[in-house]
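Below is one structure, written out as structure tokens, with a few remarks after it.
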Amino acid sequence: MHVDGLRWRPLSRREPTIEGLDLAIPPGQRVLLAGASGSGKSTVLRALAGLLDPEDGDGEGLVPAPSRPGERGLLLQNPVHALVGATVARDAAFGPENAGLPRPELTERAARALEAARVDLDPERAPLDASGGQQQRIALAGALALRPDLLLLDEPTSMLDAPTAEEVRRAILAVTGRRTLVVAEHRIGPWLPHVDRLIVLGSRARVLADGHPDQLLSHRREVLIEAGVLEEEAAAEEAPSPVGPSETVAALRGVTVPARGLTAPQDLELRAGRLTALTGPSGAGKTSLLRVLVGATEPGAGAVSRPEPSQIALVPQDPEHSFVATTVREEVLASPWATDEDLADELLQRAGLAPL
């Protein structure tokens, strides 16, 4: 797989997202593609998959679409975009079925892929009813079932808890075997021991560093830190803990959400000035409880106390679910209570979004 002088500008952008990328990946190589958000990792993966359509933008050096089904497999960053089957089993079998494989073989491939991706759901369950982490594993199973020569994964463990992420990572490495693997990630640490090559991208997919991970960590460490893919070592700082009791601002008492699989009564109390971490494996009910807290989901049973809507802000697991405006600045000011335009501009500057 190689690209020469790849340039791509989507119709929605004034400037290119990829400008003059040269890249060659030998068969069987395991590549980690790293870079800060907005560096073009996802677009590079789509380019390698042959999915950059000239009708969607202005491009040069585009990779042609695969010549045969199953030649390349791509797992998108947002798993919902890859879910096409009415059930978990049918979704995993979709790729092999379209490749024209006999039914016994496609059924066997789908079952093995679901097992490898650690999908422990009812095969007849609808994928869209699963949690974000479960959907990510279902989408991964669909890519693994193809057994492609080139497997392209866009942050395949971003929605998973640490133990499950490690299990899935090992499953990916076991299933790919000697096939070519390209993984785009901004958290590079867990992948470094398993890859042959680390490519660090800067703005517009410009290659800042390219080589064996050990070599880059030893000789190009500052470049990795500056690119935002490696954290600079720093001494830990002690943060003061709240002293004494504080006001309860929100609470759940005996809450259940049967429609989302949360049948055991749950109690949760949030106090003013405190930072609370709600943790658990994929599908444990974290998102369901948050949705009940903000009033987006009605509980099956139990009591809920919460502040006025103007005092609650929610960032969903999939940020696309909250977008309602046509520009970045309009999005920040979309809430009826977001009236301070100067504050909006300051927040965009802090988040590095002002240029957008």
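Every number here is computed from the coordinates shown, using simple stated rules; none is lab data. Note that this is a predicted model, so its numbers are computed, not measured. Here Cβ is always computed from backbone atoms with ideal geometry, including for glycine, and neighbour counts include all displayed protein chains.
So for the chain, averaging the separation of alpha carbon pairs under 8 Å that are six or more residues apart and normalising by length, what relative contact order in percent results?
16
Around V183, what is the net charge, scoring Lys/Arg as +1 and Asp/Glu as -1 over all other residues with Cβ under 10 Å from its Cβ?
Net local charge, V183 excluded: 0.
Would you please give the residues with an amide H less than 5 Å from that of G73, counting only those at least 5 places away or on a separate chain, with H modeled from the backbone geometry?
Those qualifying (amide H under 5 Å, at least 5 residues apart or on another chain) are L150, L151, L152.
Fewest to most neighbouring Cβ within 10 Å: what's the order for K286, K41?
Ordered by Cβ neighbours within 10 Å, fewest first: K286, K41.
Using the Kirkwood radius built from alpha carbon pairs, what does the Stokes-Einstein equation give as D for the range 144-281 at 10 °C and 1.306 mPa s, in µm² per second?
82
Lys and Arg at +1, Asp and Glu at -1: add these up for the other residues within a Cβ distance under 14 Å of G280 and post the number.
With Lys, Arg at +1 and Asp, Glu at -1, the net is +1.
Based on the Cα atoms of the chain, what semi-axes does the equivalent ellipsoid have, where each is the square root of 5 times one gyration tensor eigenvalue, given in whole Å with the largest first?
Whole-Å semi-axes of the equivalent ellipsoid: 36, 28, 21.
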